[in-house]
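What follows is one structure encoded as structure tokens, with my remarks underneath.
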Amino acid sequence: MICTAGSFFLFGCSDDGTRLLPPPGYITMEFQDGVYPDQYYTGTRDAVLKAGAAFAEENYGQVSLDTIGTVDLTGELIERRVILRFDLSLITSCADVKESILSIRVEPGAGSSVTLGVYRATVPALLPASWPEGTGQSFDGVTWLTADGTVFWNEPGGDYLPTLLAAATVTDDTIATFILPDDAVYHWIKFPEDNHGVIIKSQDTSAEGYRLVHFRESGTAEMRPYLSVKYRDG
């Protein structure tokens, strides 16, 4: 099931910032590590953020398959979130964005469905750049507690804007699909320094509910996170 958030139509811009009508014809640019736009694209970054005393300081940036949602570990509910971003620099900064579709591959699971929400990620002001994916070592990359292994998030679990960008309810699905607002994707294209990607998390952490998610490190290319942006040059 797909639920969409609101969006609005965007035009190109001139050198002085004046809005201009874009030329006709839309282009669809696809992003998936090692596949789209071509085999050389490696612009995806992703990691799992895990709550809990045994996990909160650990980096999970080099996993090919891990959990999202809430897991019951010996009577304690432990939340897992996904932080994910794509390098969109191949699209002109004056693009007219028409449609953006984000997909992640999940393993079908038994039991109740899981509703996942997508939020626009931000980073602490002290961080000189965006969050680093990390190599799986302590103090070396993004964690539940820190944006880079040392600089703490303003809130544990990653900083993000409160507005829900999109949501999808996963039952026996193998793909969770989110239609992102055009203005959010346009902002990442126009201001790449603000592109910190998204945080995907369960909308209900009061009960156990989770799925296994495939990441960019997956040995099967089609399982990696995927973003499609339909646009035309400004």
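Taking (1) in contact with a strand residue (DSSP E or B) (Cβ under 7 Å, 6 or more places away or on another chain); (2) small (Gly, Ala, Ser); (3) at pLDDT 95 or above; (4) over 26 Å from GLY75 (Cα atoms) in turn, GLY149 satisfies each apart from (1). Being within 19 Å of ASP148 (Cβ to Cβ) and not in a strand (DSSP E or B) is the filter here; which residues of the stretch 71-127 pass it? Result: ASP87, THR122, VAL123, PRO124, ALA125, LEU126, LEU127.
Picking from residues in the stretch 67-100 that are among the acidic types (Asp, Glu) and more than 15 Å from the chain's Cα centre (by Cα), the one that is farthest from PRO156 (Cα to Cα) is ASP96.
The rows are residues; the columns are (1) at pLDDT below 95; (2) touching a strand residue (DSSP E or B) at 6+ places or on another chain (Cβ under 7 Å); (3) under 19 Å from ALA166 (Cβ atoms).
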| residue | (1), (2), (3) |
| --- | --- |
| VAL185 | no, yes, yes |
| GLU193 | no, no, no |
| GLY197 | no, yes, yes |
| ILE200 | no, yes, yes |
| THR205 | yes, yes, yes |
| PHE215 | no, yes, no |
| PRO225 | no, yes, yes |
| SER228 | no, yes, yes |
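Considered as a group, the residues in the stretch 165-182 that are out of contact with any Cys (no Cβ under 9 Å at 6 or more places or on another chain) and in a strand (DSSP E or B) include one that is surrounded by the fewest Cβ atoms within 10 Å (Cβ to Cβ), and that residue is ILE175. Hey, can you tell me all the residues within the stretch 183-234 that are part of a loop (DSSP other than H, G, I, E, B), under 21 Å from GLY34 (Cα atoms) and small (Gly, Ala, Ser)? Correct list: GLY197, SER218, GLY219.
Candidates GLU57, GLU30: the one that is out of contact with any Gly (no Cβ under 9 Å at 6 or more places or on another chain), charged (D, E, K, R) and either assigned to a loop (DSSP other than H, G, I, E, B) or at pLDDT 90 or above (or both) is GLU30.
Consider the stretch 75-86. How many of its residues are without any contact (Cβ under 8 Å) to a residue 60 or more places away in the chain and closer than 23 Å to LEU65 by Cβ?
If we filter the stretch 75-86 for residues that are without any contact (Cβ under 8 Å) to a residue 60 or more places away in the chain, which is where we start, we get 75-76, 78.
Narrowing the set further to residues that are closer than 23 Å to LEU65 by Cβ leaves 76, 78.
Matching residues across the stretch 75-86 total 2.
Set side by side, the residues VAL123, VAL97, VAL142 differ, and just one is among the aliphatic types (A, V, I, L, M) and touching a helix residue (DSSP H, G or I) at 6+ places or on another chain (Cβ under 7 Å), which is VAL97. Quick one: how many residues across the stretch 178-227 are among the small types (Gly, Ala, Ser) and farther than 18 Å from THR42 by Cβ? Total meeting the criteria: 5.
Matching residues to (1) at pLDDT 95 or above; (2) among the hydrophobic types (A, V, I, L, M, F, W, C); (3) more than 25 Å from THR171 (Cα to Cα):
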position: LEU65; (1), (2), (3): yes, yes, no
position: THR74; (1), (2), (3): no, no, no
position: CYS94; (1), (2), (3): no, yes, yes
position: SER113; (1), (2), (3): no, no, no
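The values are calculated or read from the model by the stated rules, or taken from the named source; none is laboratory data. Note that this is a predicted model, so its numbers are computed, not measured. Ideal geometry is used to build each Cβ from the backbone, glycine not excepted, and the neighbour counts take in all protein chains shown.
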